[in-house]
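Computed from the coordinates by the stated procedures, all read-outs in this text should not be read as laboratory data. In this text the structure is predicted, and so the values were computed from the model without any measurement. FYI the Cβ positions are ideal-geometry reconstructions off the backbone, even for glycines, and counts take in every protein chain you see.
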């Protein structure tokens with residue numbers, strides 16, 4: 001997600017681990033193959049794994065520990081959760097996944113910019 005332009009790249013993955021992070025990075029690299037990007041990440045174990053394969057056009061910037069307020073993606077997740085999960089009960093996990101996916105597909109670049117932009 002680019003907080004200045006609102007451009008984003010989303011993958012729905014079944015788990016959070018190094019293998020899936022490697023797949024995400026590979027797909028992200030293809031998506032932005034025409035440019036170099038800086039990816040801001042927290043220090044989750046799968047983000048810092050010795051087995052992480054970072055493509056050449058991606059540079060990772062790690063946030064300081066325990067500083068989610070510095071990550072614009074955290075604000076986007078709060079927005080998504082407040083519109084899909086908050087005060088709602090889903091009959092199945094699949095219903096929840098569908099609701100979140102539909103919501104993510106519906107927001108615009110302007111929405112992302114307004115939620116995630118920093119000075």
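Kindly provide the helix-only [θ] at 222 nm of the chain, computed as the sum of -39,500 (n - 2.57) over DSSP H runs of four or more divided by all residues, to the nearest 500 deg cm²/dmol?
The per-residue figure over the chain is -13500 deg cm²/dmol.
Projected area of the chain, taken from the Cα convex hull and averaged over every viewing direction, in nm²?
8.2
Suppose R0 equals 30 Å. What FRET efficiency, 1/(1 + (r/R0)^6) with r the Cβ-Cβ distance, do residue 103 and residue 20 give to the nearest 0.05?
After rounding to 0.05, the efficiency reads 0.90.
Using 0.36 nm times the number of residues separating residue 11 and residue 66, minus their current alpha carbon distance, what extension gain do you get?
17.3 nm
Hey, rough spin-label estimate for residue 31 and residue 114, points 7 angstrom out along Cα→Cβ, what's it come to in nanometres?
Label-label distance for residue 31 and residue 114, simple model: 2.2 nm.
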